Amino acid sequence: MKDQTTIVLFSGELDKAIAAFIIANGAAAYDHEVTIFFTFWGLNTLRKDDAVKTKKGLLEKAFGWMMPRGAKKLGLSKMNFGGLGPQMIKHVMKKHNALSLPQLIELAQEQGVKLVACTMTMDLLGLQQEELIDGLEYAGVAAYLGDASNGKVNLFI
Amino acid sequence: MKDQTTIVLFSGELDKAIAAFIIANGAAAYDHEVTIFFTFWGLNTLRKDDAVKTKKGLLEKAFGWMMPRGAKKLGLSKMNFGGLGPQMIKHVMKKHNALSLPQLIELAQEQGVKLVACTMTMDLLGLQQEELIDGLEYAGVAAYLGDASNGKVNLFI
Amino acid sequence: MKDQTTIVLFSGELDKAIAAFIIANGAAAYDHEVTIFFTFWGLNTLRKDDAVKTKKGLLEKAFGWMMPRGAKKLGLSKMNFGGLGPQMIKHVMKKHNALSLPQLIELAQEQGVKLVACTMTMDLLGLQQEELIDGLEYAGVAAYLGDASNGKVNLFI
């Protein structure tokens, strides 16, 4: 049986999302079964770049406006400097030929990393499936625990 | 032997505390032995709502005043907006019939989740046992490591 | 075979670094093999106190100036109050005879805790080996995963 690695991506910041995907892609390259469970602000990583027309209440719309729309819009957990920090990080990553976050996500999907959106958080924040990128699974904490119980490397980021 | 799950709750924010208790309650429902070890700002989750009269030094009093008093007073790690964010989250949780943090804590205690307050941090911040909710255990990092060494799902939140 | 414990120290804050080293030293005292993998802002914990003359580009110099130089300069994740918070924490730690972060690092090295600096982040942020304290190992995410796969207590801080 393959080794299992799971990551809960709770945080909605560029630097933490990059760390999560680098570890996930590394583990997948080592032939681990890998699950990333996106919950709370981490779900913003999975939003489509463009606004999607949906029917939702005012509060849910407000959450949608206030939260960053997708992997390209995330800020940094430190030294964000009103958006300058993420530009600097993206610049040095490009300079060193490191994969960008959207590329890391694509690679993860190619390697079969299971990307799971937390349905409870989606309900709370009013996020709908058509607002998120393709190729996701949708589940709750029980599914996460099922995977994590088989794993040894279980991280909360 | 039962599966063991441990969570270090280091952060003192509402969203992270909710995540910790949802995972803990889920694991307990799956018949895991579950320990949450509250350290640093995470201890604020366990403070009683009302001020408790204690004898302590000025610096310890200052920590007591500056830190949020209990689960109902915690802020968010993101979009706190001076306390508006937590109200919004509490509102949508109620609307979706999700358990509030105080209810999640109560459920955890009913399910036998072991809630351990880190005695070293209590000493440092000048928090005393009578300032914290009932039904806790008191221990140090050694006790945490004892539980974590038997677990596979060990998270730091 | 010894139990393995690994910690990814991603955060560059005093309180989180202290938590990481207290857990690491505790695990080492229990005869675990312990690895701390320093990545992103966590690398700042390992910087030497004094500026080291190096040749680097302007952007890398800018990162070097903006990030805290070493364990004594880190801020808090909460209640930093422009540097007053860390002084308060250091004061109460001294008062309770708790080890300071530099002492915790020294103890970890004496106990054989493996301190690994993430080479990918070093490249990105332009940090060079002579800017970091002695006695480190240098490796990438593959080495981290190798250790973590043998461990049960694997934390991301």
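What follows is calculated from the coordinates using simple rules that are stated; it is not laboratory data. Owing to the predicted nature of the structure, the values given are computational and were not obtained by experimental measurement. Virtual Cβ from ideal backbone geometry, glycine too; neighbours counted across all protein chains shown.
In nanometres and ascending order, the distances from the C:ASP134 label point to those of the other copies are 5.8, 5.8 (point 7 Å from Cα along Cα→Cβ).
When DSSP beta bridges are restricted to pairs lying wholly in the protein assembly as shown, around 5% turn out antiparallel.
Counting Cβ atoms of other protein chains within 10 Å of each residue's Cβ and taking the mean over peptide A:21-29 gives 4. Strictly greater than 43 Å: what percent of every Cα pair in the protein assembly as shown meets that? Roughly 9 percent, once rounded to a whole number.
Just to confirm a number: summing +1 for Lys and Arg and -1 for Asp and Glu over residues other than C:ASN80 whose beta-carbon lies under 14 angstrom from that of C:ASN80, what do you get? Charge balance in the 14 Å sphere: +3. Tell me which residues come under 5 Å, amide H to amide H, from C:GLY75 once H is placed; ignore anything under 5 positions away on its chain. Answer set, sorted by chain and number: C:LEU14. In the assembly of identical copies, A:GLN111 has its label point, taken 7 Å from Cα in the direction of the beta carbon, separated from the corresponding points by 3.2, 3.2 nm (ascending, one decimal).
Ascending distances from the C:HIS91 label point to its copies in the other chains, with the point 7 Å along the Cα-to-beta-carbon line: 4.0, 4.0 nm.
Looking at the stretch B:4-156 alone, DSSP beta bridges between its own residues are antiparallel in about 5 percent of cases. Cβ under 12 Å from A:PHE37's Cβ, A:PHE37 left aside: what net charge do those residues give with Lys, Arg +1 and Asp, Glu -1? Result for the neighbourhood of A:PHE37: -1.
Restricting the trypsin sites (Lys or Arg not before Pro) of the stretch B:51-138 to loop positions (DSSP other than H, G, I, E, B) with no more than 11 neighbouring Cβ atoms within 10 Å leaves B:LYS53, B:LYS55. Computed from backbone phi with θ = phi - 60° and the Karplus coefficients 6.51, -1.76 and 1.60, the 3J(HN,Hα) list for the stretch B:109-115 is 5, 5, 7, x, 5, 7, 9 Hz; x is used for glycine and proline. Here's the list of aspartates and glutamates a cross-link from A:LYS95 could span, going by alpha-carbon distance under 19 Å and ignoring same-chain residues fewer than 8 apart: A:ASP15, C:GLU60, C:ASP123. Candidate cross-link partners of C:LYS152 among the lysines, defined by an alpha-carbon separation under 21 Å and a same-chain spacing of 8 or more, comprise A:LYS2, A:LYS152, B:LYS2, B:LYS114, B:LYS152, C:LYS2, C:LYS16, C:LYS114. Other residues within the sphere of radius under 12 Å centred on the Cβ of A:ASP123, judged by their own Cβ, net out at +1 (K and R +1, D and E -1).
Other chains' Cβ within 10 Å of A:144-153 residues: what's the mean?
If you average over the peptide's residues, the count of other-chain Cβ atoms is 6.
When only alpha carbons are used to place a centre, the stretch C:15-76 and the stretch C:100-136 end up 6 Å from one another.
Computed 3J(HN,Hα) for the stretch C:92-106, one whole-Hz value per residue from the Karplus formula 6.51 cos²θ - 1.76 cosθ + 1.60 where θ = phi - 60°, is 5, 5, 5, 4, 8, 6, 7, 5, 6, 4, x, 5, 5, 5, 4, glycine and proline marked x. Plainly put, the stretch B:1-106 has a radius of gyration that is 1.01 times its Kirkwood radius, both from alpha-carbon atoms, as the Rg/Rh ratio.
Comparing B:ALA17, B:ALA98, B:ALA139 in a Gaussian network model of chain B (Cα springs below 10 Å), the most mobile by mean-square fluctuation is B:ALA98. In straight-distance terms, cross-link reach from C:LYS94 covers every one of the lysines whose alpha-carbon lies under 16 Å from its own, apart from those fewer than eight places away in the same chain; here that gives C:LYS72.
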